[in-house]
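Below is one structure, written out as structure tokens; the observations come after it.
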Amino acid sequence: MRVPYEYAVIQAVPRIERGEVINVGVVLYCQRRDFLAARTDLREDRLRAIDPHADVPAIRAALASWDATCGGSGAAGDISLGERFRWLVAPRSTILRAGPVHMGLAADPSEELDRLVELLVKV
């Protein structure tokens, strides 16, 4: 049985003033399956193409924090999965941000997350 889910593409914006972005991951939330996860794939060559001086270690650390938030680390452990998802996809002016939230249907949210990363990040 397919269930509804919500997702957003995680984007790196190495130079906020230029507004250029690259897709570096996907965060997916499925309320019916109690599922929230982020999968990332930072392509350093793409990042360097738009900002040769990008702080790659800092961006990798920031990406790891998305995964930690999904898993409930720190203060995120006190809020629901839905609240964590909404916090992650809220508009922000940082080096990482979420694109628009989209919806879909899937039988297995984890497999769907893998599919979306392949389609939207790795290609």
### Message
On the basis of being modelled with pLDDT under 95, closer than 23 Å to Leu119 by Cα and among the β-branched types (Val, Ile, Thr), does Ile50 make the cut?
### Response
yes
### Task
Give me the pairs, please: first residue somewhere in the stretch 53-65 and over 19 Å from Ala76 (Cα atoms), second residue anywhere and in a helix (DSSP H, G or I), beta-carbon distance under 6 Å, and either six or more positions apart or on two chains.
Ala54/Leu47; Val56/Glu44
### Query
What single numbered condition from (1) closer than 23 Å to Asp108 by Cα; (2) modelled with pLDDT under 95; (3) of a type in the set (Asp, Glu) fails to hold for Asp34?
(2)
### Task
Working carefully through the options Arg15, Arg39, Arg32, find the one that is within 17 Å of the chain's Cα centre (by Cα) and basic (Lys, Arg).
Arg39
### First in the stretch 87-109 and over 15 Å from Arg33 (Cα atoms), second anywhere and polar (S, T, N, Q) and in a helix (DSSP H, G or I), Cβ under 8 Å, 6 or more apart
Trp87/Thr69; Leu88/Thr69
### Query
Does Leu105 qualify as being crowded, with 18+ Cβ neighbours inside 10 Å, modelled with pLDDT of 95 or more and under 16 Å from Tyr7 (Cα atoms)?
no
### Message
Of all residues being of a type in the set (Ser, Thr, Tyr) and assigned to a loop (DSSP other than H, G, I, E, B) in the stretch 92-123, which is nearest to Val56 (Cα to Cα)? Just the residue, please.
### Response
Thr94
#### Entry: Failed item, numbered, when Ala76 is tested on (1) farther than 24 Å from Val123 by Cα; (2) at pLDDT 95 or above; (3) among the aliphatic types (A, V, I, L, M)
(2)
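The rows are residues; the columns are (1) modelled with pLDDT under 95; (2) within 18 Å of Glu118 (Cβ to Cβ).
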position	(1), (2)
Ile10	no, yes
Arg18	yes, no
Tyr29	no, no
Ala54	yes, no
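One line per residue, one yes/no per condition, for (1) over 22 Å from Lys122 (Cβ atoms); (2) aromatic (Phe, Trp, Tyr):
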residue: Arg18; (1), (2): yes, no
residue: Phe35; (1), (2): no, yes
residue: Thr40; (1), (2): no, no
residue: Val56; (1), (2): no, no
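The values are calculated or read from the model by the stated rules, or taken from the named source; none is laboratory data. Computed from a predicted structure; not experimentally measured. No Cβ is skipped: glycine too gets one built from the backbone with ideal geometry, and neighbour counts run over all protein chains shown.
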